[in-house]
Amino acid sequence: MFAAAWSSFAGACMDEDERKVRDAATARPRWACYRGDTERALLAGWMGHVPFDVVDIDAYGSPWPFAFAWCRSGRLRAPVTHLFLTDGYMDHADIAPRCRALFADDRGKRGDMPAGYYLEHARGTMRRWAALAGGVVEEFGTAQGAARKVGTKRMRLHYLRLGYPASSET
């Protein structure tokens with residue numbers, strides 16, 4: 001994904017796996033590559049001095065705790081931020097415990113999670129989260145990726161365009 005989409009840009013990345021951070025630093029010589037807990041770092045304002053206009057959250061499971069941390073954090077914000085969320089959780093939401101960020105009121109519950117309900121809830125939740133920093137969700141789209149193997153679940157990619165009309169320094 002990096003080579004196809006982001007290689008011509010400067011940026012920053014973080015992972016808890018030291019090997020992945022070393023590999024990223026080698027492949028991305030113009031990037032700041034860190035080892036750490038991404039959710040906690042985002043919430044604490046990691047890289048908050050940079051008003052990123054593209055944020056790519058590539059989660060193995062649910063991207064929503066990271067998106068929530070991004071929205072809650074104090075940081076400079078670009079007037080428009082394009083948020084890409086890789087979601088490995090959506091197709092498992094019927095059998096997995098509810099995501100603690102996206103379904104805070106239903107933590108621990110399982111089952112009965114139609115895709116339409118999931119996406120409707122995600123859209124409403126993102127509208128509330130974006131508003132925390134004076135933003136609005138201008139666009140929210142979802143694409144389904146190809147299955148890796150026959151019978152496996154598919155990753156989803158959510159694309160959001162967030163506008164911060166009041167200022168770029170929220």
Problem set entry | Listing of helices (runs of 4 or more DSSP H) fully contained in segment 1-119 that carry 2 or more residues being modelled with pLDDT under 90 | none
Seminar exercise, completed: Scanning segment 33-92 for residues that are touching a His at 6+ places or on another chain (Cβ under 9 Å), surrounded by fewer than 17 Cβ atoms within 10 Å (Cβ to Cβ) and over 22 Å from K20 (Cα atoms) gives D53, L76
For this session: For G141, state whether it is open to solvent by less than 50 Å² (accessible area, probe 1.4 Å), closer than 16 Å to R72 by Cα and modelled with pLDDT of 85 or more.
Result: no
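Residue-by-condition table, conditions (1) closer than 25 Å to G134 by Cα; (2) small (G, A, S):
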residue	(1), (2)
S8	no, yes
D23	no, no
A27	no, yes
Y34	no, no
V55	yes, no
D58	yes, no
G61	no, yes
R75	yes, no
P79	yes, no
Problem set entry | Test for D112: is it among the charged types (D, E, K, R) and open to solvent by less than 50 Å² (accessible area, probe 1.4 Å) | no
For this session: Please work out if T170 is at pLDDT 95 or above and either within 19 Å of the chain's Cα centre (by Cα) or within 27 Å of P51 (Cβ to Cβ) (or both).
Result: no
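The values are calculated or read from the model by the stated rules, or taken from the named source; none is laboratory data. Source: prediction; values computed, not measured. Note that each Cβ is placed from the backbone with ideal geometry, even for glycine, and that neighbours are counted across all protein chains shown. The accessibility values were calculated without ligands, DNA or RNA, using every heavy atom of the protein model including side chains. Shrake-Rupley method; radii C 1.70, N 1.55, O 1.52, S 1.80 Å.
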